[in-house]
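Remarks on the structure that follows.
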Amino acid sequence: MNFARTFLIYFTIAFMMVLPVHAKDMVLKEPPKSLDQFYPPHSKQPKWTQQMHKLSNHFGGVFINLKEKDFENVDKHADKLVEEYKKTSEMVPEWEEYFDIKAAEAFAAAAKTHDMKKAGKASGGLGKTCGKCHAEQQVSVWTKYHWPSFHKIKVTDPSSEKEVEFDKFMKQISGSFKSMRVNFGEGQYGKAAKALRAFKSEYMELKSTCSKCHTTDDVKRFYVGGDAEKAFQGLAKELNAEKPNPGNFWKNVGLVGKTGCKNCHLTHRTYSMIKEVWEEK
Ligand code: HEC
Ligand code: HEC
Ligand code: HEC
């Protein structure tokens, strides 16, 4: 794929969280390398995420304590918020511009008047700095640091018993699936039945990949579970019949395609596509 190094994805945003960004385009850029040090495997803990929890707790802590009229803790949270906000602003040099230390200090000063209205008003300026960065960076960060890479996964091809890269294996499955459909369309049922056998064993081999990322077997109820099993049985039934019923055949093709391929792609492939472009050098 000859995409530009920087991959731009435009989503039409129907609505944004908390604070709106004005453009209706969302651009996904690879997060700066300097963020690596705050996420596994470079650090044991996801330190950036933890830093966010601190900001959020102190920001929220101000309002909770104002409501409780616990002014000693209002002041504590206000000071800690400024301290942690400053600390955060120094973590990733490329992101320094997102921070507005004056807005944080102005909020802390307003909070310390212990007047809820003043604190509320001053929170807007600070809150905007959080919202802008979230709108522009959060999805990229999820993709890069919270999604394992499918490209690194190998699958054992059931016919050759060789290890194949995941995306190559997908192409192979796609080919067997197509071979079955094309031969069926031509009335070559013997060839279609042969393609089905390869297709089914390749498809079910995908089960061995789930545990590379998931810790429970529960997820295998989806995509590679009962629905897929039933669809494969339906296909085999038609292909073994004296006179296959096209309606039943195509219905089961649709089931594999929708509850298998499509649904799995919708959950897993989006992130994989983005990561693939970022990993292209
Ligand atoms: C320079 C960018 C930036 C700024 C400024 C910023 N954040 Fe974040 N924030 C992020 C990113 C990136 C994530 C996603 C982190 C992740 O999921 O690992 C995030 C996630 C969060 C989360 C969710 C954490 C979770 O467990 O999913 C909270 C809460 C949060 N930020 C609060 C705040 C608050 C409050 C402020 C402002 C006082 C703020 N952030 C300012 C970048 C920023
Ligand atoms: C490369 C890593 C990876 C592989 C391989 C993988 N998944 Fe996932 N999957 C994820 C991530 C990450 C999520 C998001 C939430 C999470 O972590 O569970 C997810 C989400 C899901 C969900 C949504 C519900 C949930 O538990 O979050 C299902 C269902 C699912 N996967 C099924 C499967 C099945 C079935 C397989 C094997 C055929 C599989 N996955 C293989 C990484 C993977
Ligand atoms: C376990 C979930 C899962 C299931 C089920 C699944 N796929 Fe995929 N597929 C993926 C992921 C993830 C990728 C992206 C792989 C990558 O980026 O390396 C992918 C990529 C592909 C590709 C592109 C390969 C390439 O060259 O990059 C094709 C074609 C494909 N799948 C076809 C299918 C078909 C056809 C089916 C159903 C018969 C299917 N897939 C079932 C997860 C799945």
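What about LYS144, is it over 14 Å from GLU30 (Cα atoms), assigned to a helix (DSSP H, G or I) and not aliphatic (A, V, I, L, M)?
No.
Quick check on LEU266: is it within 14 Å of ligand 3 (Cβ to nearest atom) and exposed (fewer than 13 other Cβ atoms within 10 Å of the Cβ)?
yes
With over 30 Å from TRP278 (Cα atoms) and hydroxyl-bearing (Ser, Thr, Tyr) as the only criterion, which of SER208, SER149, SER179, SER174 stands out?
The unique qualifying residue is SER179.
Cβ-Cβ below 9 Å, separation at least six or inter-chain, first residue in region 47-63 and closer than 17 Å to GLY125 by Cβ and more than 9 Å from ligand 1 (Cβ to nearest atom), second of a type in the set (Val, Ile, Thr) and part of a helix (DSSP H, G or I): which pairs?
Matching pairs, first to second residue: VAL62/VAL74; PHE63/VAL74.
Which of the residues that make up region 269-281 are surrounded by fewer than 17 Cβ atoms within 10 Å (Cβ to Cβ), more than 8 Å from ligand 3 (Cβ to nearest atom) and within 15 Å of the chain's Cα centre (by Cα)?
Hit for region 269-281 is THR270, nothing else.
Residue by residue through region 56-78, note down the ones that are of a type in the set (Lys, Arg) and not in a helix (DSSP H, G or I). Don't jump to the end; show me each part of the working.
We begin by selecting, within region 56-78, every residue of a type in the set (Lys, Arg); these are 67, 69, 76.
Correct list: LYS69 only.
I'd like to check something: does region 112-123 contain any residue that is crowded, with 17+ Cβ neighbours inside 10 Å, free of Cβ contacts under 8 Å to residues at least 24 places away in the same chain, away from ligand 3 (no atom under 13 Å from the Cβ) and assigned by TED's automatic domain parsing to the domain that holds MET52?
Yes: one or more hits.
What number of residues within region 79-132 are closer than 20 Å to HIS53 by Cα and outside any helix (DSSP H, G or I)?
Result for region 79-132: 5.
What's the number of the only condition in (1) within 16 Å of ligand 2 (Cβ to nearest atom); (2) surrounded by fewer than 16 Cβ atoms within 10 Å (Cβ to Cβ); (3) assigned by TED's automatic domain parsing to the domain that holds ALA195 that GLN138 fails to meet?
Only one criterion is unmet by GLN138, namely (3).
Report those helices (runs of 4 or more DSSP H) wholly inside region 154-249 carrying at least 2 residues which are farther than 23 Å from LEU266 by Cβ and hydroxyl-bearing (Ser, Thr, Tyr).
189-205
What number of residues within region 143-153 satisfy the criterion of being within 11 Å of ligand 3 (Cβ to nearest atom) and surrounded by 12 or more Cβ atoms within 10 Å (Cβ to Cβ)? Please lay out each step first, then the result.
Of the residues in region 143-153, the ones within 11 Å of ligand 3 (Cβ to nearest atom) are 147-153.
When the remaining residues are screened for being surrounded by 12 or more Cβ atoms within 10 Å (Cβ to Cβ), the result is 147-151, 153.
Of the residues in that region, 6 qualify.
From the list SER160, SER179, exactly one residue is over 20 Å from GLU229 (Cβ atoms) and either surrounded by 17 or more Cβ atoms within 10 Å (Cβ to Cβ) or in contact with a Cys (Cβ under 7 Å, 6 or more places away or on another chain) (or both). Which is it?
Details: SER160 fails: either surrounded by 17 or more Cβ atoms within 10 Å (Cβ to Cβ) or in contact with a Cys (Cβ under 7 Å, 6 or more places away or on another chain) (or both).
Just a single option satisfies the conditions, and that option is SER179.
Scan (1) near ligand 3 (Cβ under 10 Å from one of its atoms); (2) among the charged types (D, E, K, R); (3) within 18 Å of the chain's Cα centre (by Cα) for the single condition LYS168 breaks and write down its number.
So LYS168 meets the others, but not (3).
The values are calculated or read from the model by the stated rules, or taken from the named source; none is laboratory data. Note that the coordinates shown come from a computational prediction; the quantities given were computed from them, not determined experimentally. Cβ sites come from the backbone with ideal geometry, for glycine too, and all protein chains shown count toward neighbours.
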